[in-house]
Amino acid sequence: MISIEHLHKSFGEKTVLSDLNLKINDGEVLGLVGINGAGKSTLLRTLCGIYKADAGSIIVDGEESYENINVKKEFFFLPDEPFYDQHSTPITIFNLFNTQYNVDEDKYYNYLNYFKIDKKGKLNKFSKGMKRQTFISLALAIHPKYLVLDEAFDGLDPLARLMFKKEIVDLISDYNATVIISSHSLRELEDICDSFAILDKNNIVSSGNLTDKLSELHKYQIGFKEKIDKETFPKIYKSYSESGRVIKIVSSSTLDELEKALVQLNPLFIDELPIDFEEMFEAVVEEGGYLK
């Protein structure tokens, strides 16, 4: 289990994380989301002990993470752009990481074969997707207790994404791994994540079980005879958009509560629609004014 308490991290005068608190349970997939510059990569690097926190604590299985070899060897961090030199090949990458981890060699090369990656090819000649597939093969072959992925699906084609998701599920099932994923693609996260954390303005603004959170919210499409002024619409929404005489909202109100609140506006129809993770994210940041 990972417990982050009152975490602060700055670079010079720029505060990136401030009094941040988050708990990550064993054997779950947590999706970390936020707009560009929110601090996702900084949080992941601090979590893995790459950066030193200015204040607060990160406790992993009862131990502090920073400069703790016993903790660090349980993590594998795959950044958005992994480091390699101009002579690196998938073979040399394996040899390097095998000195730090007990890499499953057969599994690694089986993954490379699946992705049709030349194990003797130069990484600096690979496409972004091929580089990503090489390091994904490495991450899965290490089967760490904590797998931390920054922009996990970037550069992967649809087939590779499906395969990667399946292998993540198997990693958790076989090794009780915990996976932390940041991604701009919330729809990619929705079908694999157990929990979520939304990072904005230096802090976690919402977190919890993804299914439970989605069940608390409702999306409605409401039609009116005439265009409605937003100022006259009851403040029962978390997000609000309009297209002509049709308004879409995300709200915690039930259908009965919504109908009662709108009775004076005499809507032509109210349809409840399925809500997804991306719409939930938009509702959270709009309600909190985090994009302003």
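Throughout, read-outs are computed from the coordinates displayed, never taken from laboratory work. No experiment lies behind these values; they were computed from the predicted model shown. All Cβ positions, glycine included, derive from the backbone under ideal geometry; neighbour counts span all protein chains shown.
The length gained on full extension between Asp157 and Arg245, counted as 0.36 nm times the residue separation minus their Cα-Cα distance, comes to 27.8 nm. Rg then Dmax, both in Å and based on the Cα atoms of segment 4-117: 16.7, 48.
Placing pseudo-labels 7 Å out from each Cα toward the beta carbon at Asp229 and Lys14 gives an inter-label distance of 4.3 nm. Rounded if a/c is under 1.5, else prolate if a/b is larger than b/c, else oblate: which is segment 218-274, with a ≥ b ≥ c the root eigenvalues of its Cα gyration tensor? The shape class here is rounded. The shape of the chain can be summarised by an equivalent ellipsoid whose semi-axes, obtained from the alpha carbon gyration tensor, come to 41, 22, 17 Å from longest to shortest.
Ranking of Tyr220, Tyr84 by neighbouring Cβ atoms within 10 Å, starting from the fewest: Tyr84, Tyr220. Full extension of the segment from Ala55 to Tyr175, taken as 0.36 nm per residue of separation minus the current Cα-Cα distance, would add 40.0 nm. Here Ser127 and Ile69 are evaluated by their C-beta separation; at R0 = 45 Å the FRET efficiency comes out at 0.80. Within the shell defined by Cβ-Cβ distances under 13 Å, the residues around Phe11 carry a net charge of +2, with Lys and Arg each +1 and Asp and Glu each -1.
The length gained on full extension between Gln86 and Glu5, counted as 0.36 nm times the residue separation minus their Cα-Cα distance, comes to 25.2 nm. Name the shape class, rounded, prolate or oblate, that the alpha-carbon gyration tensor gives for segment 63-122, where a ≥ b ≥ c are the square roots of its eigenvalues, rounded holds for a/c under 1.5, and otherwise prolate holds if a/b is larger than b/c and oblate otherwise. Prolate is the answer for segment 63-122, as a/c is 1.5 or above and a/b outweighs b/c. As a length-normalised measure over Cα pairs under 8 Å and 6 or more apart, the relative contact order of the chain settles at 19 percent.
Counting beta carbons within 10 Å around each of His218, His184 and listing the fewest first gives the order His184, His218.
Please order Asp170, Asp200 by the number of other Cβ within 10 Å, starting at the fewest. Before the final figure, lay out each step's value.
On the way: Asp170 13, Asp200 22.
In increasing order of surrounding Cβ atoms, one gets Asp170, Asp200.
Couplings 3J(HN,Hα) for segment 135-148, derived from phi with the Karplus relation 6.51 cos²θ - 1.76 cosθ + 1.60 (θ = phi - 60°), are 6, 5, 4, 5, 4, 5, 6, 6, 5, x, 6, 10, 9, 10 Hz, where x marks Gly and Pro. Take the Cβ atoms of Leu255 and Glu28, set R0 to 41 Å, and the FRET efficiency comes out at 0.85. If a/c stays under 1.5 just call it rounded; otherwise compare a/b with b/c (prolate if a/b is bigger, oblate if not). Do that for segment 144-292, with a ≥ b ≥ c from the square roots of the Cα gyration tensor eigenvalues. Because a/c hits 1.5 or more and a/b exceeds b/c, segment 144-292 counts as prolate. The helix-based estimate of mean residue ellipticity at 222 nm for the chain, built from -39,500 (n - 2.57) per DSSP H run of four or more residues and divided by its residue count, is -9500 deg cm²/dmol to the nearest 500.
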